[in-house]
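In what follows, a structure is listed as structure tokens, so that the remarks can point back to it.
Just so it is clear, none of the values below were taken in a lab; they were calculated from the coordinates. It should be emphasised that the depicted structure is a prediction, and the values quoted were computed from it without experimental measurement. FYI the Cβ positions are ideal-geometry reconstructions off the backbone, even for glycines, and counts take in every protein chain you see.
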Amino acid sequence: MSGQGHRTPSAPRLAVWKFASCDGCQLSLLDCEDELLAVAQALDIAYFPEATRAPIRGNYDLSLVEGSITTPHDAERIQDVRRRSRALVTIGACATSGGVQALRNFANVCEYASIVYARPDYIHTLATSTPISDHVKVDFELRGCPIDKGQLIEVISAFLAGRKPATPSHSVCLQ
Ligand code: SF4
């Protein structure tokens, strides 16, 4: 979507990042249809692998982060996402609390891997699934499984307007 429409050249750059998750929260954004068209006019959707082929490039004004941290690689990757992001918003239960995959936190993940995989030695995973806020500063948390698409549009609109999102109390502003 980057470079399309009648957007001003200085439009804020949006990135959507995926960590350990089912993609359901990102799909909420794609499911916004008419609202997404309006968003695309106001924002440069500069990185969104589910919707565009644009590579990671430079910094972003707003990052939406889906998913939890479950691997050493993702623990490094979220640091890079934070460095590139002026504002970082986590979307969904996986990103805000670790998700259903955090059930591993109460068990031995090596035992799970040995039961599930023929070659568990190929699996490079952390012992726990943790929310994004355990690793980097998060500016706003939008909770839900999946998130409510109306609330997502409200969060994006609030960011564009420079105001606090008017979402229910289960969404948490960490600033
Ligand atoms: Fe999927 Fe729920 Fe996680 Fe969103 S919060 S990515 S819908 S499992």
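Summary of values
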| item | result |
| --- | --- |
| Cα gyration tensor, region 1-91 - rounded (a/c under 1.5), prolate or oblate | oblate |
| Simple label model, 7 Å out from Cα along Cβ direction - ASP23 to ARG77, nm | 1.4 |
| Region 39-175 - charge dipole about Cα centre, Lys and Arg +1 at Cβ, Asp and Glu -1, debye rounded to 20 | 280 |
| Region 40-60 versus region 65-133: alpha-carbon centroid distance in Å | 23 |
| Local net charge near LYS137, Cβ-Cβ under 15 Å (Lys/Arg +1, Asp/Glu -1) | 0 |
| Magnitude of the charge dipole, region 77-122, Cβ model with Lys/Arg +1 and Asp/Glu -1, debye to 20 | 380 |
| Charge sum, other residues only, whose C-beta stays under 12 Å from PRO146's C-beta, Lys/Arg counted +1 and Asp/Glu -1 | -2 |
| Rounded FRET efficiency, nearest 0.05, which uses the C-beta distance separating LYS164 from ILE123 and R0 of 45 Å | 0.65 |
| Selected from ILE123, ALA87, TYR112, residue furthest toward positive end of dipole (region 87-175; charges at beta carbon) | ALA87 |
| Estimated 222 nm signal from helices in the chain, with DSSP H stretches of n ≥ 4 weighted -39500 (n - 2.57), rounded to 500 | -9000 deg cm²/dmol |
| Rough spin-label spacing in nm, given labels placed 7 Å along Cα→Cβ, for ALA54 and ARG86 | 1.4 |
| Most mobile listed residue (ALA42, ALA107, ALA11) in the chain, GNM with C-alpha springs under 10 Å | ALA107 |
